[in-house]
Amino acid sequence: MVPASARVLDAADIARSVSRLSHEILERSHGSRDLVLLGIQTRGVPLAHRIAGRMAEIESTTVPCGALDITMYRDDLRLRGARPLDVTELPEGGVDDRVVVLVDDVLYSGRTIRAALDAISDLGRPRAVQLAVLVDRGHRELPIRADYVGKNIPTSREQAVRVRLAEVDGIDEVVVEG
Amino acid sequence: MSMVIREVAPYGEEAVDMTIDDGRIARIDPAGSAPAGEREIDASGLIVLPGLVDLHTHLREPGREDAETIESGTAAAALGGFTAVHAMANTQPVADTAGVVEQVWRRGQEAGYCDVHPVGAVTVGLAGERLAELGAMADSAARVRVFSDDGICVSDAVLMRRALEYVKAFDGVIAQHAQEPRLTEGAQMNEGELSGVLGLRGWPPVAEEAIIARDVLLAEHVGSRVHICHLSTRGSVDIIRWAKQRGIDVTAEVTPHHLILTEELATTYDPRYKVNPPLRTADDVAAVREGLADGTIDIVATDHAPHAHEDKDCEWGAGAFGMLGLQTALSVVIETMVETGRLSWREVADRMSTAPAIIGRVESQGRPLEVGEPANLVLVDPRARWHVNADALASRSRNTPFEGREMSGRVVATFLRGRPTVLEGRLA
Amino acid sequence: MIRHLLSAGDLDRDEAIAILDTAGELARATGRSVKKLPTLRGRTVVNLFYEDSTRTRISFEAAAKRLSADVITFSAKGSSVSKGESLKDTALTLEAMGADAVVVRHSASGAAHRLAMSGWTDCVVVNAGDGTHEHPTQALLDAYTLRHHLSDGAGDLQGRRVVIVGDILHSRVARSNVLLLETLGAEVTVVGPPTLLPVGVEGWPCSVSYDLDNALTGADAVMMLRVQNERMNAAYFPSAREYSRRYGLDRHRAELLAPDGIVLHPGPMNRGMEITAEVADGPRSVVVEQVTNGVHVRMAVLYRLMGALPELESEAGS
Ligand SMILES: [Zn+2]
């Protein structure tokens with residue numbers, strides 16, 4: 001059976017969302033000082049870089065940007081098995097006393113973010129941790145919410161949300177399948 | 001009580017009615033023409049052979065009754081079609097005195113499933129130092145004619161020479177377990193590329209061949225006869241062939257497992273496949289089959305070696321050497337030698353009954369299927385197929401290498417001096 | 001993904017590289033001073049050491065603990081448990097204890113294989129050295145070390161020339177390395193006196209030589225194996241002096257290697273026998289790195305094996 005699929009965001013929509021997320025983060029943080037963006041592997045990383053780039057256009061300052069692989073912090077090894085590890089890369093200066101904004105493509109159960117919080121606590125002691133996501137599709141299993149949301153997309157559990165980004169997939173789009 | 005075995009094919013040839021009376025073959029009539037007996041057996045489709053004789057059996061009693069007893073071992077023998085077995089001397093105590101061999105002989109008579117001919121040890125305690133009292137064992141009620149330190153090679157050349165000379169006085173034979181000890185220290189499997197890959201200490205063919213070469217030359221020199229146990233390599237077959245051409249009085253045996261299994265089974269590291277001498281290569285298997293077919297190898301002997309479960313359910317290095325063989329021997333010979341056209345049934349009777357009886361000097365066994373001969377018989381269904389189930393074997397042990405395997409041909413009945421020990425494939 | 005690690009031959013190229021890559025990322029994590037990852041929290045790893053091998057045991061313990069596994073070490077050395085029965089009995093005990101993985105070192109070749117295949121236990125089995133058979137995690141850490149120096153820490157070892165010297169006959173390190181290095185595309189030559197090369201070594205996926213100088217010339221790496229004194233007493237070679245003259249690595253011989261060629265040794269070293277102190281502690285030696293890399297490689301192995309599933313469920317969209 002081929003699942004019905006619908007594109008809910010195109011490249012322009014994604015660019016607008018990134019722009020809005022960038023503005024909101026800067027507003028709430030009263031400027032870029034002390035900010036660190038940490039993209040969660042895989043698609044959170046290019047998103048973080050896009051946000052950093054947009055912020056540079058807005059404020060003409062460089063916000064440090066890093067990558068976080070949370071594979072070893074997941075609690076579902078028994079269910080999902082071992083997977084190849086990705087790079088974790090902290091910007092110079094680390095995360096101590098910084099306001100860390102985690103960036104991910106989709107917020108769903110919240111388990112990825114829980115793992116990311118564990119990973120961050122192994123890497124240092126941020127002053128605060130916030131969360132920015134491109135899509136929030138609901139169905140949380142943990143008391144976790146995003147500080148910045150590009151787009152809320154109500155889904156059923158049976159559906160799948162595919163975020164594709166040019167850096168990884170060669171195209172910018174968000175598709176709901178099923 | 002007279003019994004008529006109807007429409008049975010002696011040596012797989014033309015069917016006859018065979019009447020047994022008073023422990024002997026009383027008459028042989030054309031099929032369907034024998035007068036009615038007190039008991040009738042319909043044997044159409046079955047082959048009758050002289051009861052099989054095993055020159056190499058480990059019955060473990062006395063000493064390891066947890067692994068096998070004379071009763072359980074002879075039951076397995078009867079179910080495998082044997083009417084006589086030679087019980088190897090490496091028991092505890094060792095069968096190196098008239099007292100021990102007579103005890104084994106008597107226990108065999110009591111158990112009654114087949115004749116048990118004790119093999120006497122060549123040296124006291126199998127220690128390879130002093131000759132055991134070979135003459136006393138020969139003169140005992142057990143009338144020992146075969147002497148062997150099996151499990152251990154009589155490696156001392158002088159001791160071997162003396163043993164070969166000494167047994168001439170009572171027409172005995174030394175059955176040599178040919179294994180040069182220094183070349184096989186700690187050996188675990190056939191030495192070759194596979195042993196190197198598996199990291200298991202190798203048992204090189206030369207360790208067998210060197211002893212065989214030495215012993216046939218010793219036998220020639222002192223004018224005695226020598227028997228080679230369980231030869232396993234192409235080189236050994238070549239040496240025996242050469243020795244026989246030279247007129248040396250040597251006989252040799254091959255086991256069923258060396259006729260069919262190869263060293264690749266060691267890749268499982270399952271000690272069920274650990275045996276001494278080890279399983280060899282496919283080329284060696286081809287050579288022993290050829291040797292058995294052309295008469296270079298005189299007999300098939302089982303080297304039936306029961307081992308308690310814990311001695312096999314462990315890692316390879318800790319596992320004991322040896323495999324069960326009595327209940328699967330004939331099927332292996334049928335599969336490897338008869339169904340491949342290498343041996344006729346008459347030749348099977350020779351290799352598994354007549355020749356071993358002659359080597360062991362057992363006059364009443366291995367006789368031709370003729371009127372007046374003792375009724376030591378086995379009825380075989382050559383077309384039957386069965387699957388080996390270790391739990392269903394009569395042995396106390398379960399270390400068969402053939403578990404689950406389909407076997408060719410089945411023993412239907414065995415008669416010891418006219419008395420059925422096995423009927424319809426079950427103990428009678 | 002494989003279920004057990006019994007032989008280096010169990011690993012195909014992709015699986016081997018995946019383990020090395022994982023080890024690399026774990027090494028970077030450790031570089032960030034993350035001492036412990038929560039990955040195996042609540043799972044139990046049993047180290048079952050029938051043979052005394054402090055360095056391998058400690059390395060596996062450290063690996064399991066850094067992944068937050070519960071670690072139970074069962075060190076049963078000496079003759080009291082040399083009977084085969086106890087391997088089975090211990091396996092049944094482990095099963096009852098709910099162990100998830102067992103790391104086994106045993107003097108019998110095939111012991112790990114037997115433990116994995118006998119039905120005595122459902123645990124994941126990692127071979128930490130079985131008799132004179134194999135030692136696959138040693139081969140992995142050697143490959144990791146070689147890759148780090150010869151291939152910038154990525155990909156395979158295509159075309160790299162590695163020479164393994166010494167008692168090939170009794171060496172589980174040599175067997176595992178020949179298999180793994182061949183899988184990774186390296187050209188391996190084993191060198192030793194003919195008495196210490198196994199029968200049938202011609203069939204192995206490597207070249208064979210009795211001439212160390214010739215084999216070393218231009219090679220990218222040499223791996224020196226420990227030579228036990230008892231081999232001399234068993235007449236495998238006439239004397240320690242003759243052995244080290246013909247098959248020992250001194251500075252002069254080490255200079256025959258390629259300019260950046262490195263020297264490995266699985267340890268413990270016999271300085272003055274198979275390797276001079278000068279080379280063992282010299283600039284080409286990577287012996288200390290091998291130890292460090294061992295922990296990361298074993299973490300990677302535990303992670304991948306204990307995370308191996310028959311089929312992976314996919315959680316869409318996360
Ligand atoms: Zn024997």
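The values are calculated or read from the model by the stated rules, or taken from the named source; none is laboratory data. Every value quoted in this text rests on a predicted model; they were computed, and no experiment measured them. Reconstructed Cβ throughout: ideal geometry from the backbone, glycine too, with neighbour counts over all protein chains shown.
Can you find, within the stretch C:258-281, the residue that is surrounded by the most Cβ atoms within 10 Å (Cβ to Cβ) among those that are among the small types (Gly, Ala, Ser) and in contact (Cβ under 8 Å) with a residue 40 or more places away in the chain? Applying the filter and picking the extreme gives C:261. Would it be correct to say that residue A:131 is within 30 Å of residue C:36 (Cα to Cα), surrounded by 13 or more Cβ atoms within 10 Å (Cβ to Cβ) and within 10 Å of chain C (Cβ to nearest Cβ)? Against the criterion (within 30 Å of residue C:36 (Cα to Cα), surrounded by 13 or more Cβ atoms within 10 Å (Cβ to Cβ) and within 10 Å of chain C (Cβ to nearest Cβ)), residue A:131 does not qualify.
Considering the stretch C:137-154, and only residues there that are away from every other protein chain (no Cβ under 14 Å) and not in a helix (DSSP H, G or I), the residue that is nearest to residue B:199 (Cα to Cα) turns out to be C:151. For the stretch B:300-317, taking the residues that are under 20 Å from residue B:236 (Cα atoms) and out of contact with any Leu (no Cβ under 6 Å at 6 or more places or on another chain), the one that is surrounded by the most Cβ atoms within 10 Å (Cβ to Cβ) is identified as B:300. Against the list (1) surrounded by fewer than 22 Cβ atoms within 10 Å (Cβ to Cβ); (2) within 11 Å of chain C (Cβ to nearest Cβ), the condition residue A:93 fails is (2). Scanning the stretch B:292-310 for residues that are without any contact (Cβ under 8 Å) to a residue 60 or more places away in the chain and away from the ligand (no atom under 16 Å from the Cβ) turns up B:292, B:293, B:294, B:295, B:296, B:310.
Selection of the stretch B:33-58 for residues being in the same structural domain as residue B:124 (by TED's automatic domain parsing) and at pLDDT below 95 yields an empty set. No other residue among A:56, A:82 is within 12 Å of chain C (Cβ to nearest Cβ) and either more than 16 Å from the chain's Cα centre (by Cα) or surrounded by 23 or more Cβ atoms within 10 Å (Cβ to Cβ) (or both) apart from A:82. Filtered by the rule that a residue be within 16 Å of the ligand (Cβ to nearest atom) and touching a helix residue (DSSP H, G or I) at 6+ places or on another chain (Cβ under 8 Å), the stretch B:262-287 gives B:274, B:275, B:277, B:278, B:279, B:280.
Scanning for something within 24 Å of residue B:309 (Cβ to Cβ), in the same structural domain as residue B:336 (by TED's automatic domain parsing), away from the ligand (no atom under 16 Å from the Cβ) and free of Cβ contacts under 8 Å to residues at least 12 places away in the same chain, does the stretch B:229-245 turn up at least one residue? No; the residues of the stretch B:229-245 include none that is within 24 Å of residue B:309 (Cβ to Cβ), in the same structural domain as residue B:336 (by TED's automatic domain parsing), away from the ligand (no atom under 16 Å from the Cβ) and free of Cβ contacts under 8 Å to residues at least 12 places away in the same chain.
Would you be able to say whether some residue in the stretch B:291-308 is of a type in the set (Ser, Thr, Tyr) and over 17 Å from the mean Cα position of the chain (by Cα)? No, every residue in the stretch B:291-308 fails to be of a type in the set (Ser, Thr, Tyr) and over 17 Å from the mean Cα position of the chain (by Cα).
Residues are listed down the side, and each one gets a yes or a no for (1) without any contact (Cβ under 8 Å) to a residue 40 or more places away in the chain; (2) not in a loop (DSSP other than H, G, I, E, B); (3) not charged (D, E, K, R):
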residue: C:159; (1), (2), (3): yes, no, yes
residue: C:180; (1), (2), (3): no, yes, yes
residue: C:188; (1), (2), (3): yes, yes, yes
residue: C:213; (1), (2), (3): no, yes, no
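Of all residues in the stretch C:1-55, which are surrounded by fewer than 18 Cβ atoms within 10 Å (Cβ to Cβ), away from every other protein chain (no Cβ under 13 Å) and part of a loop (DSSP other than H, G, I, E, B)? Those that are surrounded by fewer than 18 Cβ atoms within 10 Å (Cβ to Cβ), away from every other protein chain (no Cβ under 13 Å) and part of a loop (DSSP other than H, G, I, E, B): C:12, C:52. Looking at this structure, is residue B:86 within 16 Å of the ligand (Cβ to nearest atom) and under 21 Å from residue B:359 (Cβ atoms)? Yes, satisfied. Quick one: is residue B:355 touching an Asp or Glu at 6+ places or on another chain (Cβ under 8 Å) and either buried (at least 21 other Cβ atoms within 10 Å of the Cβ) or at pLDDT below 95 (or both)? Here the answer is yes, as residue B:355 does meet what is asked. Of all residues in the stretch B:144-154, those that are more than 13 Å from the ligand (Cβ to nearest atom) and either free of Cβ contacts under 8 Å to residues at least 60 places away in the same chain or under 13 Å from residue B:96 (Cβ atoms) (or both) total 2. Listed conditions (1) closer than 17 Å to residue B:50 by Cα; (2) within 16 Å of the chain's Cα centre (by Cα); (3) of a type outside the set (Asp, Glu); (4) part of a loop (DSSP other than H, G, I, E, B) are all met by residue B:343, apart from (2). Restricting attention to the stretch B:161-180 and to residues that are more than 14 Å from the ligand (Cβ to nearest atom) and charged (D, E, K, R), the residue that is farthest from residue B:251 (Cα to Cα) turns out to be B:162. Quick one: is residue C:176 of a type outside the set (Asp, Glu) and within 16 Å of the chain's Cα centre (by Cα)? Taking the combined requirement at face value, the residue satisfies it.
The criterion of at least 1 residues that are farther than 30 Å from residue C:304 by Cα and out of contact with any helix residue (DSSP H, G or I) (no Cβ under 7 Å at 6 or more places or on another chain) is met by the following helices (runs of 4 or more DSSP H) wholly inside the stretch A:1-97: A:11-29, A:44-59. The residue that is farthest from residue C:94 (Cα to Cα), counting only those in the stretch C:118-136 that are acidic (Asp, Glu) and either at the interface with chain B (Cβ under 9 Å from one of its Cβ atoms) or in a strand (DSSP E or B) (or both), is C:134. Of the listed requirements (1) touching a strand residue (DSSP E or B) at 6+ places or on another chain (Cβ under 7 Å); (2) part of a loop (DSSP other than H, G, I, E, B); (3) buried (at least 24 other Cβ atoms within 10 Å of the Cβ), residue B:73 misses just one: (2). Taking the condition within 16 Å of the ligand (Cβ to nearest atom) and either at the interface with chain C (Cβ under 10 Å from one of its Cβ atoms) or surrounded by fewer than 22 Cβ atoms within 10 Å (Cβ to Cβ) (or both), does residue B:320 pass? Considered against the rule, which asks whether it is within 16 Å of the ligand (Cβ to nearest atom) and either at the interface with chain C (Cβ under 10 Å from one of its Cβ atoms) or surrounded by fewer than 22 Cβ atoms within 10 Å (Cβ to Cβ) (or both), residue B:320 comes out as yes. Regarding residue B:48, is this residue surrounded by 19 or more Cβ atoms within 10 Å (Cβ to Cβ), of a type in the set (Val, Ile, Thr) and farther than 30 Å from residue B:398 by Cβ? So residue B:48 fits the description; yes. Among residues of the stretch B:43-59 being assigned to a strand (DSSP E or B) and within 16 Å of the ligand (Cβ to nearest atom), the one that is nearest to residue B:71 (Cα to Cα) is B:57.
Condition check ((1) in contact with a Pro (Cβ under 8 Å, 6 or more places away or on another chain); (2) not assigned by TED's automatic domain parsing to the domain that holds residue C:258) across all residues:
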site	(1), (2)
C:130	no, yes
C:147	no, no
C:160	no, no
C:176	yes, no
C:186	no, no
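Scanning the stretch B:1-42 for residues that are in contact with a helix residue (DSSP H, G or I) (Cβ under 9 Å, 6 or more places away or on another chain) and outside any strand (DSSP E or B) gives B:11, B:12, B:13.
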